[in-house]
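A.B. asks: Structure incoming, see below.
Laboratory data are not the source of any read-out in this text; all were calculated from the coordinates shown. Just so we're clear, the structure is a prediction, and the values are computed from it rather than from any experiment. As a convention, Cβ positions derive from the backbone with ideal geometry for all residues, glycine included, and neighbour counts pool all protein chains shown.
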Amino acid sequence: MKVLICDATAQAALDMISEAGIEVVNKPDITPEELLEEISQYDAMVVRSRTQVRRPVIDAAIKLKAIVRGGVGLDNIDVKYAGSKGIQVLNTPTASTAAVAELTVGYIFALARHIPQMTISMEEGEWAKKSFTGTEIAGKTLGLVGVGSIGQASGNKANALGMRVIAYDPYVTSAHGIELIEELDDLLTRADYISLHVPYTEETHNILDADAFTKMKDGVNIINCGRGGTIDEDALFKALESGKVAGAALDVYTEEPSMGHKLYTLPQVIGSPHIGAGTVEAKARVGTEVAKNVINALKG
């Protein structure tokens with residue numbers, strides 16, 4: 001049995017799979033063309049967010065029994081089509097929860113106190129003490145769009161910091177310490193910070209669009225450490241230009257990799273290159289879960 005590692009995966013995970021008697025072929029930089037040529041040799045494949053597993057790859061994967069996604073989102077995999085071919089699709093839904101929740105809260109602080117902008121000012125030799133008056137987050141309302149494991153963890157941390165936490169999620173009936181809102185519009189009108197924690201689906205495509213921005217408080221802050229495509233980025237740009245949105249912190253984008261995005265021409269936008277799960281601890285947990293999924297799928 002052979003497994004193809006298509007994206008960077010912890011060495012400890014590769015060792016676990018090898019020790020279970022499964023041959024590991026590690027090609028973390030494999031191109032789409034190479035993947036199509038080689039996938040017919042493998043019983044399982046491991047991907048992160050970089051590798052796209054669509055119909056052509058699935059059709060070519062004549063031996064494949066499992067696709068293991070290191071991470072939460074499955075929007076880079078045609079899950080339904082894989083299932084129709086008898087291929088299991090497995091992920092690691094909780095391994096990166098703490099890392100993404102901590103990044104979310106970090107961005108709340110960064111937006112409230114203009115930390116990245118102050119750093120740039122200092123690097124430029126300025127002492128602009130009167131230019132960066134911030135706000136406190138205690139007493140402010142955090143609105144979570146989506147309250148799965150990461151949304152819940154983000155809400156718990158915000159609660160501990162003295163924030164009021166509300167959430168809109170039509171698939172959740174209770175959330176510890178979080179007030180569930182029946183209508184998204186209600187959340188939009190109440191929240192000082194809005195953070196997205198939803199998968200990318202037809203239902204969530206541009207869930208924050210131009211109409212949604214008009215309903216928000218003036219001076220709201222937007223955070224997205226969830227999935228790209230859930231914010232209309234052109235509408236966000238206009239809302240930032242107008243001052244309707246005071247600031248935005250983004251880890252994910254409609255198209256990735258996203259270099260030279262026009263949103264970063266605005267000083268009130270801060271962000272990162274989809275590194276929500278990018279901690280030493282999360283990578284170790286993801287790797288362990290990936291290895292277990294591969295072993296169970298092929299030998300369990």
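A.B. asks: Which loop-located GluC sites (Glu not before Pro) does segment 94-136 contain, where loop means any DSSP state but H, G, I, E or B and the Cβ has at most 12 other Cβ atoms within 10 Å? Present the calculation step by step, with values, prior to reporting the outcome.
C.D. replies: Numbers: sites: Glu102, Glu123, Glu124, Glu126, Glu136; in loops: Glu124, Glu126, Glu136.
Qualifying residues, ordered by number: Glu124, Glu126, Glu136.
A.B. asks: Hey, got the dipole for segment 97-271? About the Cα centre, +1 on K and R Cβ, -1 on D and E Cβ, debye to the nearest 20? Mind showing how you got there, number by number?
C.D. replies: Values: 13 positive and 24 negative charges, 147 e Å.
Using Cβ point charges on Lys, Arg, Asp and Glu, segment 97-271 gives about 700 debye.
A.B. asks: Additional query: In debye, nearest 20: dipole of the chain around its Cα centre with unit charges on the Cβ of K, R (+) and D, E (-)? Each step should come with its number before you reach the end.
C.D. replies: On the way: 28 positive and 39 negative charges, 123 e Å.
Here the size comes out at about 600 debye.
A.B. asks: Divide, for segment 209-300, the radius of gyration over alpha carbons by 2.2 N^0.38 Å, where N is the residue count. Write down the numbers at each step before the final one.
C.D. replies: On the way: Rg = 17.5 Å, N = 92, 2.2 N^0.38 = 12.3 Å.
That ratio works out to 1.43.
A.B. asks: Return a whole-number percent for the relative contact order of segment 207-300, with Cα pairs under 8 Å and 6 or more residues apart as the contact set. Intermediate results must be reported in sequence, preceding the final value.
C.D. replies: Working: 105 pairs, mean separation 23.7, N = 94.
Relative CO of segment 207-300 lands at 25 percent.
A.B. asks: Hey, which of these cross-link pairs are over 25 Å Cα-Cα: Lys27/Lys65; Lys157/Lys217; Lys130/Lys157; Lys238/Lys283; Lys129/Lys217; Lys27/Lys292?
C.D. replies: Working: Lys27/Lys65 19 Å; Lys157/Lys217 23 Å; Lys130/Lys157 30 Å; Lys238/Lys283 36 Å; Lys129/Lys217 27 Å; Lys27/Lys292 19 Å.
Going by Cα-Cα distance, Lys130/Lys157; Lys238/Lys283; Lys129/Lys217 fall outside the 25 Å limit.
A.B. asks: Please compute P(r) over all alpha-carbon pairs of segment 97-271, binned at 5 Å starting from zero, and give each bin as a whole-number percent.
C.D. replies: Reading upward from the zero bin: 2, 9, 18, 22, 22, 15, 8, 3, 1, 0, 0.
A.B. asks: If you take the Cα atoms of segment 185-246, find Rg, then find the Kirkwood Rh from the mean of 1/r over all pairs, what is Rg/Rh?
C.D. replies: Values: Rg = 10.7 Å, Rh = 11.5 Å.
Reported Rg/Rh, Kirkwood definition of Rh: 0.93.
A.B. asks: Sticking with this one: Just how far, in whole angstrom, is segment 164-186 from segment 238-300 if you go by their alpha carbon centroids?
C.D. replies: So the two Cα centres are separated by 23 Å.
A.B. asks: Next up: Roughly how big is segment 58-107's charge dipole about its Cα centre, with Cβ charges of +1 (Lys, Arg) and -1 (Asp, Glu), in debye to the nearest 20?
C.D. replies: Working: 5 positive and 4 negative charges, 59 e Å.
The dipole magnitude comes to about 280 debye.
A.B. asks: Obtain the radius of gyration and the Kirkwood radius of segment 100-168 from its C-alpha atoms and give Rg over Rh. The partial results should precede the final answer.
C.D. replies: On the way: Rg = 14.4 Å, Rh = 13.2 Å.
Rg divided by Rh gives 1.09.
A.B. asks: Taking every pair of Cα atoms in segment 1-137, average 1/r, invert it to obtain the Kirkwood radius, and report Rg/Rh to two decimals. Don't skip to the answer; put the middle values down first.
C.D. replies: Values: Rg = 21.3 Å, Rh = 17.7 Å.
The Rg/Rh ratio comes out at 1.20.
A.B. asks: Right, here's the next one. Over segment 97-271, what relative contact order in percent results from Cα pairs under 8 Å that are six or more residues apart?
C.D. replies: Values: 323 pairs, mean separation 32.6, N = 175.
That works out to 19 percent.
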